[in-house]
Amino acid sequence: MKKNSVAQKKLSVPDIVGKKQKHEKIAALTAYDFIFAALLDQAGLDLILVGDSGSMVFAGHPTTLPYTMDEAIYHCNAVSRGVERALLVGDMPFLSFQVSVEETIKNAGRFFKETAVDAVKLEGGEEVAETVRRLVKSGMPVMGHLGLTPQSVKRFGGYKVQAKTEQGAQQLLNDAKALQDAGAFSIVLEKIPGGLAKKVSEELSIPTIGIGAGPDCDGQILVIYDMLGLFEQFKPKFVRRYAELAGKVREACQKYSLDVKNGQFPSQEESF
Ligand code: KIV
């Protein structure tokens, strides 16, 4: 596939942080493969996340928990071959960063040694702050993730809005500050009240990237298959579908199937 015809400056971690200081919103999406990654990059996305959501929307699992380090490395490599400009972030799988700081450094190190990611993302607040500090000190930029952290779905009892109580909101603010102090360069805020996301965004100097966290974050992210209307199993309230591609893909494949079965494809012109 042809990449960008005009050479584009590759965005760095400081470029993404600088966008907050310049009051420029950060546009982010997920990708799991080369073709979508190249399209997103050509469309001008600032940040592409190889999310562990791929466990659900790419691999068909009911949660993100089965995602493995080897799968993460595979998808990050596929995506990186399509990306020239956007900052590329790899998501750390469940249990790849919880066991010990040493193991986390080795696992995060695989992203940087074996793929072309610019940063890794991991879920959690104060409890992962020391881990984040060690990763950043080792030269590996880290993006945090607070609120509805899908790797804790079993503890939450479903994909529910988080930090709705005063105590929960205060804890989330403490978590955000702990991540910033530990050196995280940005934080995803997922499915929390918009007012809380606004307060966190105002109190932090690093950018917040919202998903289901209202309009006042410093940037937004969605799962690519959700916003293109390809993932039809359910549609969260915070998803805006910019296309309805599932129906279009089905229609095209149905037409192809009929053409083959009726002897309409291939034609003489399509033959040698
Ligand atoms: O895995 C993922 O896609 C994510 C985003 C939804 C933020 O974590």
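Just so you know, all these numbers are worked out from the coordinates, no wet-lab data involved. Keep in mind it's a predicted model, so treat the numbers as computed, not measured. Neighbour counts run over all protein chains shown; Cβ positions are idealised from the backbone, glycine included.
Before moving on, here are some points about what is shown:
- Mean-position separation - Cα centroids, the stretch 99-118 and the stretch 194-272, in angstrom: 29 Å
- Applying both filters, DSSP loop and at most 16 other Cβ atoms within 10 Å, to the GluC sites (Glu not before Pro) of the stretch 166-263 gives Glu232, Glu244.
- Fluctuation leader among Asp91, Asp218, Asp259 - the chain, Gaussian network, Cα springs under 10 angstrom: Asp259
- Measuring gaps between exposed loop sites in the chain (trypsin sites (Lys or Arg not before Pro); DSSP loop; at most 12 other Cβ atoms within 10 Å), the longest gap, sites not included, is 23-159.
- Euclidean distance of C-alpha centroids, the stretch 122-153 and the stretch 1-80, integer Å: 18 Å
- Extent of the stretch 13-241 along its three principal axes (Cα atoms, max minus min coordinate, largest first): 43, 40, 39 Å.
- What the pair-distance distribution of the stretch 146-272 shows, using all Cα-Cα distances binned every 5 Å from zero, is 2, 10, 15, 16, 13, 10, 7, 5, 4, 5, 5, 4, 3, 1, 0 percent.
- Shape call, the stretch 37-165: gyration tensor on alpha carbons, a/c limit 1.5: oblate
- For the pair Ser12 and Tyr242 in one chain, pulling the backbone fully straight at 0.36 nm per residue adds 80.1 nm over the alpha carbon distance.
- Residue-averaged 222 nm ellipticity for the chain, from DSSP H runs of 4+ at -39500 (n - 2.57), nearest 500: -11500 deg cm²/dmol
- Within the stretch 159-234, the chymotrypsin sites (Phe, Trp or Tyr not before Pro) that combine a DSSP coil assignment with at most 12 other C-beta atoms in a 10 angstrom radius are Phe234.
- Principal-axis analysis of the Cα atoms of the chain puts helix 166-182 at an angle of about 90° to the longest axis.
- Gain on full extension, evaluated as 0.36 nm per residue between Ala59 and Gln98 minus their Cα-Cα distance, stands at 11.7 nm.
- Modelled FRET efficiency - R0 25 Å, Ser205 with Lys154, Cβ distances, 0.05 increments: 0.15
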